[in-house]
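What follows is calculated from the coordinates using simple rules that are stated; it is not laboratory data. What you see is a predicted model; the values in this text were computed from it and never measured. FYI the Cβ positions are ideal-geometry reconstructions off the backbone, even for glycines, and counts take in every protein chain you see.
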Amino acid sequence: MTGQNTTIKPVAVIIGATSKWQSDGRNTKLAHGSAIDDSDIPLGIRWGVGGAISQKFAQEGFFTVLTTRSAGNAAALSAAIEEQGNHCMVVELDLSDQDSVASAFATIREQAGDPEVLIYNAGYLEGRDLPPEKELLEHIEVSMFDTAQHISSRGPFLVAKEVLPAMRAKGAGSFFFSNNSKSLRGRKRNTGESLYYPRVMMRTLSQVLTEEYSEHGIHVANVVIDGLIDSPGTRSLPKAQENPDIVMNPIKIAEAFYYLHTQDRSCWSHELQLTPYPTVPSV
């Protein structure tokens, strides 16, 4: 844990503030064989969607809480936010461990305060390195499915239990899910993809929380990011190089999340699908 909300700013918590496609991320190392240089990449893109959202809310006057399994993953992002004249803290959190989630939020409440905004942007790699001949469900290890389910379903359930009571007591708050097109319907896992179909449960949880908590002043929304997100590790992939128009700018994605938070209560959006213009939206 680093930093403290000494100025009593409103608090935005980003679950999964870093990216597995950042310069030293696991996906980047898998795709390119090693970490890569990101010195020529804009700060808003270096840490993917989570990093862009963290910076956007910090720029808008929030004290941002960056959660990650290992604090070292967010060290450069935290430094960048502070160098921009804004404030944040890093909190380690393991979404597969209920005690870790409870401990992390106890720290957040003590050092930062109750969150006004919670953005669930956690991801996972399970399934990404399976070879083509091992793509059928019969080859998938139960532990692999368990991890995907922990991140997509049990994790957001545990996080919601930590933040929704205070939001309900206040009569205000935003709880947004950062999701992908695989949450819209079940689909066969393609070679090189994570085991994404449990993300349908994340979308369902968003719909349930919308019905349960809207009347208490809490804005819940599922954001479907339907495309390849720009980052140090993805921008040099062949498909990004061949067709750069299909690559989504995480800075603009972050602006969409902030737009949701600032929507007037008379016209809330509860699902938003973001798609690059040449791409037909997934259904």
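Enumerate the amide H contacts of Gly173 below 5 Å, restricted to partners 5 or more residues apart or on another chain; note that Pro and chain-start residues carry no placed amide H.
Correct list: His219.
What full-extension length gain, to one decimal in nm, is calculated for Tyr277 and Ser70 as 0.36 nm per residue of separation minus the Cα-Cα distance? Don't skip to the answer; put the middle values down first.
Working: separation 207, 0.36 × 207 = 74.52 nm, distance 3.55 nm.
Using 0.36 nm per residue and subtracting the Cα-Cα distance, I get 71.0 nm.
Which value, in debye to the nearest 20, describes the size of the charge dipole of the chain about its Cα centre when Lys and Arg Cβ atoms bear +1, Asp and Glu Cβ atoms bear -1, and nothing else is charged? Provide the component values of the computation, followed by the final result.
Numbers: 25 positive and 33 negative charges, 79 e Å.
Here the size comes out at about 380 debye.
What is the sum of charges, Lys and Arg at +1 and Asp and Glu at -1, for the other residues whose Cβ falls under 11 Å from the Cβ of Gly25? Show your work: numbers first, answer last.
Numbers: positive: Lys20, Arg26, Lys29, Arg46; negative: Asp24, Asp38.
The answer is +2.
Could you tell me whether the chain comes out rounded, prolate or oblate from its Cα gyration tensor? Rule is a ≥ b ≥ c as square roots of the eigenvalues, rounded for a/c under 1.5, then prolate if a/b exceeds b/c, otherwise oblate.
Values: a/c = 1.44, a/b = 1.24, b/c = 1.16.
In terms of gyration-tensor shape, rounded.
Would you mind computing, in nm to one decimal, how far apart the modelled labels at Arg168 and Leu30 are, each placed 7 Å from Cα along Cα→Cβ?
Label at Arg168, label at Leu30, 3.7 nm between them.
If one computes the Cα centroid of the stretch 1-66 and of the stretch 201-279, what distance in Å separates the two points?
Their Cα centres are 16 Å away from one another.
Assign one of three labels to the stretch 125-283, namely rounded, prolate or oblate, based on the Cα gyration tensor with a ≥ b ≥ c the square roots of its eigenvalues; rounded applies when a/c is under 1.5, prolate when it is not and a/b is larger than b/c, and oblate otherwise. Walk me through the intermediate numbers first.
Details: a/c = 2.45, a/b = 1.37, b/c = 1.79.
It comes out oblate by the Cα gyration axes.
Rounded, prolate or oblate, given the Cα gyration tensor of the stretch 234-280, with a/c below 1.5 counting as rounded? Each step should come with its number before you reach the end.
Numbers: a/c = 4.69, a/b = 2.57, b/c = 1.83.
In terms of gyration-tensor shape, prolate.
Okay, helix-only estimate at 222 nm for the chain: each DSSP H run of n ≥ 4 adds -39500 (n - 2.57), divide by all residues, round to 500 deg cm²/dmol; what do you get?
Numbers: 10 runs with 103 residues, N = 283.
Using -39500 (n - 2.57) per qualifying helix, the result is -11000 deg cm²/dmol.
Mind checking the dipole of the stretch 1-56: about its Cα centre, +1 per Lys or Arg Cβ, -1 per Asp or Glu Cβ, Debye to the nearest 20?
The calculation lands at about 240 debye.
Short version: what are the Cα gyration tensor semi-axes of the stretch 1-103, square root of 5 times each eigenvalue, largest first, in whole Å?
Values: eigenvalues 102, 65, 19 Å².
Output for the stretch 1-103: semi-axes of 23, 18, 10 Å.
Given R₀ = 22 Å, what would the calculated FRET efficiency be for Ala102 paired with Ser143, taking r from the Cβ atoms and rounding to 0.05? Working shown, then result.
On the way: r = 23 Å, r/R0 = 1.05.
FRET efficiency, Ala102 to Ser143: 0.40.
Out of all DSSP beta bridges with both ends in the chain, state the antiparallel percent to the nearest 5. It would help to have the intermediate numbers written out before the result.
On the way: 1 of 33 bridges.
Percentage antiparallel, nearest 5: 5.
Report the one residue of Leu77, Ile119, Pro132 whose Cα lies farthest in the direction of the positive end of the charge dipole of the stretch 11-274 (charges on C-beta: Lys and Arg +1, Asp and Glu -1; origin at the Cα centre).
Pro132
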